[in-house]
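Peer 1: The structure follows.
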Amino acid sequence: MDVAEHWHKGGRTVPPIDDEQLRQLAPNALVVEVGPGLGRDLNALSDAVPLGQVVVIEQCPRVLSRLSQWFAARRNLRFIQGMGLDEAMPFSGRVAYLRLVRVAPYLSEAELGRFLAQAESLLDQRGRVFVTVCHPGTDAQADRAAGQGFGHHTVAAVLRIAHWYSRLRLERLELAVHDSRSRVPLQSAVLDLGHQVPEALDDTVFALVEPHRDRAVEIEMRLWFVTREAPPPAL
């Protein structure tokens, strides 16, 4: 946290991985951020909705206290202590954008499913849910089980959970491959959803990461969900 505070004071920023989607938000939109980490993206979220509000939910009191201090000047940030979306339920039907970044790998299947079910009820008609998940790729030792603790989920597993617990549908799927140690980006891709079955999407992931099978890599899936009744984007 001390290092993060030094970065904040020095004005060090890194563009959010969903910067393109943030630029599409209405200035008065309501955004919910679950698990903000040390606040790397909060300035960008605040800037994206200058007339709106960003509700930040964090379970650790110490982290929440520091974030509240660092971002005290950001009047459209609201900090709430909690472990999930229960604290956000008063905003049902009003949320334009909901983020769960680098948190889902720590959730069980039931916890991720409950999150998606609650997220669906929070979204407004055109709202989106953004979730990042780790894919096992070619790592035979990866924990593909969805038990408690850090796990890896295939595309098929995540979509199965979404189908079981909610009526959300996958709108966009990006893949980002990094070297696990140096964090150097190795490859990125936007997967064509088309009418492919989830297993076919996993086959695409396996093919994309095959050239990196001899090194330790992190394969991050970036998934955007909308409600099944969501209208098409305006042209």
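The values are calculated or read from the model by the stated rules, or taken from the named source; none is laboratory data. Here the structure is a predicted model, which means the values were calculated and not measured. Ideal geometry is used to build each Cβ from the backbone, glycine not excepted, and the neighbour counts take in all protein chains shown. Surface areas here come from the heavy atoms of the whole protein model, side chains and all, with no ligands, DNA or RNA. Shrake-Rupley method; radii C 1.70, N 1.55, O 1.52, S 1.80 Å.
Peer 1: Could you please find all residues in the stretch 48-59 being within 19 Å of the chain's Cα centre (by Cα) and either open to solvent by 50 Å² or more (accessible area, probe 1.4 Å) or not β-branched (Val, Ile, Thr) (or both)?
Peer 2: Hits for the stretch 48-59 are Ala48, Gln53, Glu58, Gln59.
Peer 1: All but one of (1) farther than 30 Å from Ala176 by Cα; (2) in a loop (DSSP other than H, G, I, E, B) hold for Glu87; state the number of the condition that does not hold.
Peer 2: (2)
Peer 1: Answer yes or no as to whether Asp202 is surrounded by fewer than 14 Cβ atoms within 10 Å (Cβ to Cβ) and at pLDDT below 95.
Peer 2: Answer is no for this residue.
Peer 1: Collect the residues in the stretch 112-133 that are open to solvent by 10 Å² or more (accessible area, probe 1.4 Å) and not in a strand (DSSP E or B), keeping them in residue-number order. Lay out the reasoning, then the answer.
Peer 2: Step one: filter the stretch 112-133 for residues open to solvent by 10 Å² or more (accessible area, probe 1.4 Å), giving 114-115, 117-118, 120-121, 123-126, 128.
Residues satisfying the conditions are Arg114, Phe115, Ala117, Gln118, Glu120, Ser121.
Peer 1: Could you grab the pairs with beta carbons closer than 8 Å, sequence gap of 6+ or different chains, first residue in the stretch 57-78 and on the phi > 0 side of the Ramachandran plot, second one open to solvent by less than 80 Å² (accessible area, probe 1.4 Å) and part of a helix (DSSP H, G or I)?
Peer 2: Sorted first by the residue in the stretch 57-78, then by its partner, the list stays empty.
Peer 1: Would you be able to say whether some residue in the stretch 56-70 is among the small types (Gly, Ala, Ser) and modelled with pLDDT of 95 or more?
Peer 2: no
Peer 1: Right, another one. Restricting the stretch 29-42 to residues that are in a loop (DSSP other than H, G, I, E, B), open to solvent by less than 20 Å² (accessible area, probe 1.4 Å) and in contact (Cβ under 8 Å) with a residue 40 or more places away in the chain, which is nearest to Val95 (Cα to Cα)?
Peer 2: Of everything passing the filter in the stretch 29-42, Ala29 is nearest to Val95 (Cα to Cα).
Peer 1: Are any residues in the stretch 93-111 modelled with pLDDT of 95 or more and either crowded, with 20+ Cβ neighbours inside 10 Å or of a type in the set (Ser, Thr, Tyr) (or both), and if so, which ones?
Peer 2: Residues satisfying the conditions are Val95, Ala96, Tyr97, Leu98, Arg99, Leu100, Val101.
Peer 1: Moving to a separate point now. Name the residue, out of Leu45, Leu64, that is surrounded by 17 or more Cβ atoms within 10 Å (Cβ to Cβ), within 16 Å of the chain's Cα centre (by Cα) and in a helix (DSSP H, G or I).
Peer 2: Leu45
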